[in-house]
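The values are calculated or read from the model by the stated rules, or taken from the named source; none is laboratory data. As the structure is a computational prediction, the values presented were derived from the model and not from experiment. All Cβ positions, glycine included, derive from the backbone under ideal geometry; neighbour counts span all protein chains shown.
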Amino acid sequence: MSNRTIPMTDALYGYYLNASLREPDILARLRAKTAERSEGDMQISPEQGQFMAFLIRLTGARRAIEIGTYTGYSALCVALAMPKGSRMVTCDRRPEWPRVGQPFWREAGVDDIIDLRIGKALDTLDAMIAAGESGSYDFAFIDGDKKNYVNYYEQCLILLRPGGVIAIDNMLWSGRLVNDALDDPASNAIRALNIRIRDDSRVDSSLLPIGDGLALVRKLDI
Ligand code: CA
């Protein structure tokens with residue numbers, strides 16, 4: 001019994017995965033391929049991918065945004081959970097990362113859903129706003145460079161419809177945020193966004209200790 005979130009020991013994490021993970025083979029293969037890479041720990045955990053897919057189905061999202069494609073695991077989780085005819089814009093600056101996942105998107109038959117935009121996400125989102133797409137998206141996943149987190153949050157709030165949901169990754173930053181001596185742009189940006197969300201009357205919110213900390217925000221109709 002506990003009235004706080006329980007510590008996740010290695011043994012408990014093993015049980016958690018064994019007792020709850022339903023990872024389709026294609027996702028497991030893309031995850032294994034990504035894990036071979038030197039920066040492979042950037043990919044989200046499989047239980048987080050399963051949770052995001054659950055969230056997509058729960059909300060019936062058909063239009064999604066992702067900032068930080070990396071090798072495309074999270075995009076594949078989200079796209080597999082959306083009905084045919086849906087659309088997901090995913091942004092990354094480095095074409096070599098999404099290139100790892102693109103064959104898996106094709107194999108899964110969701111490459112017509114995923115609209116990859118290579119370039120600065122700030123510019124991509126600004127262009128979407130300028131093109132009149134404000135208020136038209138159901139879901140956004142923010143997992144790009146941390147120093148721009150507050151900017152991405154504000155852009156996604158504009159692009160989301162009322163009732164739309166933003167999920168923001170790495171909001172517990174490997175537990176490092178409790179170290180007051182930690183004073184770098186990425187850590188400070190995450191701290192600033194956590195506090196902004198807590199105090200933001202435009203949204204409902206919940207910070208989940210899944211993966212590296214996933215903040216959930218729902219845009220209110222105000
Ligand atoms: Ca991340």
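Within the range 121-140, how many residues turn out to be within 11 Å of Y152 (Cα to Cα) and of a type outside the set (D, E)?
Of the residues in that region, 5 qualify.
Results for (1) assigned to a helix (DSSP H, G or I); (2) within 14 Å of the ligand (Cβ to nearest atom); (3) at positive phi, shown as yes or no for each residue.
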position	(1), (2), (3)
A53	yes, no, no
T69	no, yes, no
A75	yes, yes, no
T90	no, yes, no
M128	yes, no, no
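Quickly run through the range 165-189 and pick out the residues that are at pLDDT 95 or above and within 16 Å of the ligand (Cβ to nearest atom).
Listed by number, the residues that qualify are I166, A167, I168, D169, N170, M171, L172, W173, A186, S187, A189.
Of the numbered conditions (1) surrounded by fewer than 19 Cβ atoms within 10 Å (Cβ to Cβ); (2) touching a strand residue (DSSP E or B) at 6+ places or on another chain (Cβ under 8 Å); (3) not in a helix (DSSP H, G or I), D180 satisfies every one except a single condition; which is it?
Here D180 clears every test but (2).
Which one of R62, R37 is more than 13 Å from the ligand (Cβ to nearest atom), loosely packed, with under 15 Cβ neighbours inside 10 Å and not aromatic (F, W, Y)?
R37
Could you please let me know if I197 is surrounded by 17 or more Cβ atoms within 10 Å (Cβ to Cβ), away from the ligand (no atom under 16 Å from the Cβ) and modelled with pLDDT of 95 or more?
yes
Quick one: what pairs do we get from the range 32-49, first residue of a type in the set (A, V, I, L, M), second assigned to a loop (DSSP other than H, G, I, E, B) and within 10 Å of the ligand (Cβ to nearest atom), C-beta under 6 Å, 6+ apart or different chains?
M42/Y70; I44/G211
With S206, S136 as the choices, which residue is under 17 Å from the mean Cα position of the chain (by Cα), surrounded by fewer than 18 Cβ atoms within 10 Å (Cβ to Cβ), away from the ligand (no atom under 16 Å from the Cβ) and modelled with pLDDT of 95 or more?
S206
Looking at F141, is it of a type in the set (A, V, I, L, M, F, W, C), within 16 Å of the ligand (Cβ to nearest atom) and either closer than 27 Å to R29 by Cα or surrounded by 22 or more Cβ atoms within 10 Å (Cβ to Cβ) (or both)?
When the stated conditions are applied, F141 passes them.
T5 fails exactly one of the following numbered conditions: (1) of a type in the set (S, T, N, Q); (2) under 29 Å from K120 (Cα atoms); (3) surrounded by fewer than 22 Cβ atoms within 10 Å (Cβ to Cβ). What is the number of that condition?
Only one criterion is unmet by T5, namely (2).
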